[in-house]
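Below is one structure; the comments refer to it alone.
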């Protein structure tokens, strides 16, 4: 079982959550969980991409941080216009990580 988190939201946000719940035929709690889950996934990807862009981590490490496959992280980086920053050593590390 999960934990309960209580928070206040602006009235317009509550109305939007209710609208989504009606359209998706879900209760508001399910909508909030889904939206929160998507936001957390997006945040992890953005954070990992930032670290990779700044040269602090390899692409494989970024994929692990984001909780996605290396292939998906490569696509995300390419779509974001982040150039691949590979030295031969980093390529070797990422290759080894992909084999795990």
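Out of all the residues in the range 65-77, which are surrounded by fewer than 16 Cβ atoms within 10 Å (Cβ to Cβ) and part of a helix (DSSP H, G or I)? Show your work before the answer.
Just the residues of the range 65-77 that are surrounded by fewer than 16 Cβ atoms within 10 Å (Cβ to Cβ), to begin with: 67, 69, 71-72, 75.
Matches in the range 65-77: 71, 72, 75.
For (1) surrounded by 12 or more Cβ atoms within 10 Å (Cβ to Cβ); (2) at pLDDT 95 or above; (3) within 19 Å of the chain's Cα centre (by Cα); (4) closer than 19 Å to residue 87 by Cα, each residue gets a yes or a no:
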{"site": "17", "(1), (2), (3), (4)": "yes, yes, no, no"}
{"site": "25", "(1), (2), (3), (4)": "no, yes, no, no"}
{"site": "31", "(1), (2), (3), (4)": "yes, yes, yes, no"}
{"site": "40", "(1), (2), (3), (4)": "no, yes, yes, no"}
{"site": "44", "(1), (2), (3), (4)": "yes, yes, yes, no"}
{"site": "47", "(1), (2), (3), (4)": "yes, yes, yes, no"}
{"site": "56", "(1), (2), (3), (4)": "no, no, yes, yes"}
{"site": "60", "(1), (2), (3), (4)": "yes, no, yes, yes"}
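Could you tell me which of the residues 98, 62, 21 is in contact (Cβ under 8 Å) with a residue 24 or more places away in the chain, part of a helix (DSSP H, G or I) and touching a helix residue (DSSP H, G or I) at 6+ places or on another chain (Cβ under 6 Å)? Step through it out loud before you land on a result.
Working: 62 fails: in contact (Cβ under 8 Å) with a residue 24 or more places away in the chain; 21 fails: in contact (Cβ under 8 Å) with a residue 24 or more places away in the chain.
Testing whether each residue is in contact (Cβ under 8 Å) with a residue 24 or more places away in the chain, part of a helix (DSSP H, G or I) and touching a helix residue (DSSP H, G or I) at 6+ places or on another chain (Cβ under 6 Å) leaves just 98.
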- Item | residue 91 under 30 Å from residue 11 (Cα atoms) and either assigned to a helix (DSSP H, G or I) or without any contact (Cβ under 8 Å) to a residue 24 or more places away in the chain (or both) | no
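The values are calculated or read from the model by the stated rules, or taken from the named source; none is laboratory data. Everything numeric in this text was worked out from a predicted model, so none of it was measured. So basically every Cβ, Gly included, is an ideal-geometry build from the backbone, and we count neighbours across all protein chains shown.
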